[in-house]
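Presented below is the structure to which this report refers.
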Amino acid sequence: MQIRRLEKHAHIDQVIRCLEQAFQRPYSEPRDRLWLDDESNWQWIWGLEEEGRIVGTYISYEVRVCLRGKAFRGHYLDALTTLPNHRNRGWIKEMMLRDFQDCRENNIPVILLDPFKHAYYRKYGFDTIADCKSLTVPWSLLSDIVPKSEGEDGYSVHFAKLSVDAYAQMAYAETRRRAFENAYYTEMIRPAPYENAVFLDRDLWIAIALDKEKRAQGYLLFTYENRVLRVQNQRFFTLRAFYALKKLILQHRDQVRAIKFDRVPADFPVDRLVHSYWQNGEKIEWTEMSSRMMRVVNIPALLVSLADQDALARCPFGIVDPWLEVPEPYRPGPDKWTMSVATLAQLAAGYRSATHLYRQGMILEPGETEDAPRDRIWETADAPAVVKELERLFPPVTPFQTEKW
């Protein structure tokens, strides 16, 4: 049994067979085949080979990641599969550890993925780094308040089918680029075959908010399903853009019974969207959808991108990683505060504050272990000096996973 890079001409049918058996659906749609048929993608596709037959796959492709407004390279792990009669033999672990080492050797600081089960990947050092919630609003709870736009300050909306409108595709791509280059949330840009798959969805509509210079300041991507306007993704750079898109939603008054946003950040302006959270037996509904996980494989490469090095040197801490050797100065020691490599991912991404992680027993004082942390005082705003310094180095942010996985 060996792990090897696969070739399109020799292995595409076997890869499709593995994917279909693992995910229990056909891989015949154009958006599925877009990345499989692209020759350049096969540099990232690996397989587990037994006697000339592919019995497992994983794809680890290079992405651009933006955390805390800092951009760097990462890898995204996808299509991690084994055929049913080859499971529970440790092959998934072997494929992941191979990828950890490859990324470290190539100075890739992080690997990201969206899991089938969070607990499975936590044991390999991954943890959640971005919030994502869905929001469903019955039509009766929508407010009709939209501030008046006067004269030259007014916004307009371009409304089109994304798959057939060249201008909409250009504006969408430009908005994605601007968001990454001026990142407020957690951003990730994939290779072109993945990014462009959205243009193949024939049911997808787009509404683009345009300012007076006709520059895109936001968009809604949505479909209509059983009288529900389902917003698969949205973005707005200004509050006026939000109101322009809200106005378009309100124009669907006689067509839909509810609005469902598949993904919204914690700071989504819900109070500008609804007049009440519940009324006459109806209520808005929030569902936890947080998915994006991250694994730090090159600790120095990540921290040099995110934090002041002199300040880090004054706040020494150790990282516990059961799978990879930890380099100095981050090796644990008897006199050091410590955290796991999974906790480091949450702290570095701003998903959890140092104070929160300390209170949960995930940032440990010298002599503590994760299995037996000391008790914590829960209802207090105070924290040890080291924790306060970590919070200053890594202040919490709004870590929203912006793109659909």
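Observations on the model:
- Under the convention that each Lys and Arg Cβ holds +1 and each Asp and Glu Cβ holds -1, the size of the dipole of segment 133-288 around its Cα centre is about 140 debye.
- Largest GNM mean-square fluctuation among M95, M170, M294, using the chain with Cα springs under 10 Å: M170.
- Cα-based reach from K388 at 23 Å (exclusive), listing lysines while leaving out same-chain residues under 8 positions away: K70, K336
- Computing FRET efficiency as 1/(1 + (r/R0)^6) for M1 and W323, where r is the C-beta to C-beta distance and R0 is 25 Å, gives about 0.80.
- Residue-count net charge about V387 - beta-carbon cut-off 15 Å; Lys, Arg +1, Asp, Glu -1: +3
- Compactness of segment 213-305, expressed as Rg and Dmax over alpha-carbon positions, Å: 17.4, 56
- The charge dipole of segment 280-405, taken about the Cα centre with unit charges on the Cβ atoms of Lys, Arg (+1) and Asp, Glu (-1), comes to about 200 debye, rounded to the nearest 20.
- Computed over the alpha-carbon atoms, segment 133-288 gives an Rg to Rh ratio of 0.95, Rh here being the Kirkwood radius from the mean inverse distance.
- Pairwise inverse Cα distances across segment 6-98, averaged and inverted, put the Kirkwood hydrodynamic radius at 14.2 Å.
- For the chain: relative contact order, % (alpha-carbon pairs under 8 angstrom, 6 or more apart): 19
- The lysines whose alpha-carbon is closer than 24 Å to the alpha-carbon of K161, local same-chain residues fewer than 8 away aside, are K212, K214, K246, K247, K260, K404.
- Förster radius 41 Å - calculated FRET efficiency between Q309 and Y120 (Cβ-Cβ, nearest 0.05): 0.75
- Residues of type aspartates and glutamates that K8 reaches as a straight line, Cα spacing below 12 Å, ignoring anything fewer than 8 places off in the same chain: D37, D38, E39
- Computed over the chain, the per-residue total of -39500 (n - 2.57) for DSSP H runs of n ≥ 4 gives a 222 nm mean residue ellipticity of -8000 deg cm²/dmol, rounded to 500.
- q = 0.07, 0.10 Å⁻¹, the chain: log10 I(q)/I(0) [Debye, one scatterer per Cα]: -0.39, -0.79
Every number in this text was worked out from the coordinates using simple rules, so none of it is lab data. All figures in this text were calculated on a predicted structure; none of them were measured in a lab. Methodologically, a virtual Cβ is constructed for each residue, glycine included, from the backbone with ideal geometry; neighbour enumeration extends over all protein chains shown.
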